[in-house]
Amino acid sequence: MWEDLDVTAQQQQTPQISDAAGGPRAATAFAEPAPSALLLLGQGSDLDSERGVECVGALPAASDPDLVARAHAARAALGSRAFVLGHHYQRDEVIDLADVTGDSFKLAREAAARPEAEFIIFCGVHFMAESADILTSDTQQVILPDLAAGCSMADMAAIGQVEEAWDVLADAGVADQTVPVTYMNSSAAIKAFTGRHGGTICTSSNAHVALRWAFDQVGGVDGTGKVLFMPDQHLGRNTAVRELGLSLDDCVVFDPRKPGGGLTPEALHAARMILWRGHCSVHGRFSVRNVTDIRAAVPGVTVLVHPECQNPVVEAADMVGSTEYIIKALDAAEPGSSWAIGTELNLVRRLANAHPDKNVHYLDSTVCFCSTMNRIDLPHLVWAMESLVAGNVVNPIVVDADDAHWARVALDQMLALPGY
C-alpha cells in the first residue's frame, strides 16, 4: 500500500462552483462550518480574519484541455515582470511553472533577491506570501493565487491569543525571563509580536540555533530562563529534547482555549519550554504504528521524518530533518536503498519520481496532501497570471506597516544567527 504513490487527477482536483459574486468555491455536501473554523472551502469571508476567501472573476475550468497552454502563454507574456515561486508541497502542475522552488523562507529570500520583478506570484500559503511582502521592496507586489490558501498551524495562534498568553506569563512573574521564538509558519502579526518582545524567528533547519540564542539571552540552557515557542509544539519539543538536552518534563503546553493556558503559575515557573498548542495537520498524522508497519513491510528501510511530527514518531525514526534536509538525504542515498518519508505527499511522490533507482515509500498508509497548500492549483494560477497580463492586480498581499517593521526585526535577528 505504501508503494502506490499515484493519485488520480480526480482526487487532486476540487470541483468548483460559483458563488453569488461569481467567484469559485468548492462543491461540498458538508454542513456550514462554524464561524471560527478555518475557511478551507472558500464558502464566504471572515472580516476579522487576516485572510479572505473571495476571488473576483471566474476561474478557468479545471478540465480545460488548453489550460497548460494558457498558463505558459500568460507566463511568457509577463516575462521578467513576474517571478513565480513554488513551495515544495505544491502540485507538479504548479511546480512546472515556477521559476524557483524551495521551502518558505528560501522562497521569500529569493523574491527579495529579484528587485527587477514587478510581481511576485507566490504559490504557497498566506504566511509565506506575507514573509515575501515583508522582505521585498515597496515597488513590488506579492500575489497569492488563492487567498484561502492558508495554514492550519499558523491559524492556531491568533495575535489576540498570544497577547493574552503574554499577560498570563507576566501575571505569573515569568515574562521578564522568557524569550519568544516563533516558527516561520506563523502570521506576520505573530512575527511582529516576537520582534517587539526581543525574540527571533526560526525555520525547521535552524530551530536549534535559535533556541540556543534565546536561552543565552536569559542565562543559558542550564539556567532558569524560558522560551515561549510558537505555534508548533512538536518542533519546539523535538528540538529542545534532541538538540539541547532538555527533558520532556522541561516542556509544558500552553493551551489558549483554557484559562491561564491550562497551566498553574507553579508549572510556568518550573518550565523551560512553554510550547504553544499548535501542530501541522499533515505531519501530526504520522504515528508510531506507521513506523512499525513500514519496518515490517520493507526490511532495511530507513525512516526519515520531519521534526513537525510527534515526539514518539521522531524517536522511532532513523533520521529527522527539514524539507531541504529530506531532499538532500534522498539525493545522496545509495541506489537500491529503501526509504519511508514522513512529510507531505506531493513532495514524497516527487522524490520517488526523481529517484527511480531507490525505493521511496510514503510513511502513512493513506493519502494526505496539505489541503490548504493544494488550493493553489492550475486554474487559480492561470487566473492570476492572465489577470496581471490584462493589467488587473488580483489578491495582493500587503502587511500592515508597523507589523512589517517588527516582523522584519525578528527576521533580521534570525539572519544574524550563526549559520545564516
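Assuming R0 = 35 Å, can you tell me the calculated FRET efficiency for the pair ILE159 and ASP412, based on Cβ-Cβ distance, to the nearest 0.05? Using R0 = 35 Å, I get an efficiency of 0.95. Compute the Cα gyration tensor for segment 171-285, then decide on rounded, prolate or oblate, letting a ≥ b ≥ c be the square roots of its eigenvalues: rounded whenever a/c is under 1.5, prolate when a/b is larger than b/c in the other cases, and oblate in all that remain. Rounded, since a/c falls under 1.5.
If R0 equals 41 Å, the separation of the Cβ atoms of ASP138 and GLU334 corresponds to a calculated FRET efficiency of about 0.25. One way to sum up the overall shape of segment 82-128 is the equivalent ellipsoid from its Cα gyration tensor, whose semi-axes run 16, 12, 8 Å, largest first. Only the Cβ atoms of Lys and Arg (+1) and of Asp and Glu (-1) were treated as charged; on that basis the dipole of segment 291-420 about its Cα centre amounts to roughly 320 debye. Placing a label point 7 Å from the Cα of LEU248 along the Cα-to-Cβ line, the residues of segment 270-310 whose backbone N sits under 13 Å from it are 288, 310. Other residues whose C-beta falls under 12 angstrom from the C-beta of HIS208 contribute a net charge of +1, scoring Lys and Arg +1 and Asp and Glu -1.
Modelled this way, with points 7 Å down the Cα-to-C-beta line, the labels at TYR325 and ALA73 are 4.6 nm from one another. With r defined as the distance between the Cβ atoms of ALA296 and ARG257 and R0 fixed at 35 Å, what FRET efficiency is calculated, to the nearest 0.05? Here the calculated transfer efficiency is 0.35. Residues CYS151, CYS309, arranged from fewest to most other Cβ atoms within 10 angstrom of their Cβ, appear as CYS151, CYS309.
The count of lysine pairs in the chain that are at least 8 places apart or cross chains, and whose C-alpha atoms lie under 22 Å apart, stands at 5. Think of segment 156-278 as a dipole: +1 on every Lys or Arg Cβ, -1 on every Asp or Glu Cβ, centred on the Cα centre; then among PRO180, VAL168, THR224, PRO180 lies furthest on the positive end.
Every number here is computed from the coordinates shown, using simple stated rules; none is lab data. This is a predicted model, so every value here is computed, not measured. Because the Cβ atoms are built from the backbone with ideal geometry, glycine has one as well, and the counts that use them run over all protein chains shown.
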